[in-house]
Amino acid sequence: MVKYFLGQSVLRSSWDQVFAAFWQRYPNPYSKHVLTEDIVHREVTPDQKLLSRRLLTKTNRMPRWAERLFPANVAHSVYILEDSIVDPQNQTMTTFTWNINHARLMVVEERCVYCVNSDNSGWTEIRREAWVSSSLFGVSRAVQEFGLARFKSNVTKTMKGFEYILAKLQGEVPSKTLVETAKEAREKAKETALAATEKAKDLASKAATKKKQQQQQFV
């Protein structure tokens, strides 16, 4: 049995802009799990289509219950092959990705089609399909559920990263992302609260010492 995902997203940028951003989307603040990217093969076909194959390395933290099933020395990185076909004449880009290690645990296959949005020619539509499978006897269903949940989470990060790179290429990225700003605000609030607590303790200690000194004067 295989878990299937189908989703559709829209980027408010032209197909040409998205095509350019696709090759520049790493690194970005939302893709810290992507470690490396390398071009393995690239060619232009006689009908002017661009074919590429890339190798991506990503972190691959397993769920705790799955870690007990594998030796401690099993790599925590996953290697992804990405094949892409770019058709500039019809303004479409199709990508196929799948993992080439940890296949016994889980295989995630993804197919994405980037094309011009039918409602707005200045926007780009992404149709995404994914298939999650596992051959582990007895726990394959749990593995598939975990893989599907992680995939959905990564799709959200992928879209945010894409939007970040598109904005950066267009000179619209703020110095700090909202996530970073919110994190800094939380940390600052913690520091302020801690400083206030320490100050209160110091004042209380000084007040107690002063009161003790005053009491000793009347003894």
Note to self: Between Phe96 and Glu129, what is 0.36 nm times their sequence separation minus the Cα-Cα distance? Round to one decimal in nm.
What the structure shows: 10.9 nm
Item checked: Residue pairs, from the table Lys3/Lys49; Lys49/Lys157; Lys3/Lys58; Lys3/Lys157, whose Cα atoms sit over 27 Å apart -> Lys3/Lys49; Lys49/Lys157
Checklist line | Net length gained if the chain between Leu169 and Gln48 were fully extended (0.36 nm per residue, minus Cα distance) | finding: 41.0 nm
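Normalised by the empirical 2.2 N^0.38 Å for globular proteins, what value does the Cα Rg of segment 2-170 take?
Details: Rg = 16.9 Å, N = 169, 2.2 N^0.38 = 15.5 Å.
Expressed relative to 2.2 N^0.38 Å, the Cα Rg reads 1.10.
Each reported figure results from applying straightforward, stated rules to the coordinates on display, with no laboratory input. Everything quoted here is computed from the prediction, not taken from an experiment.
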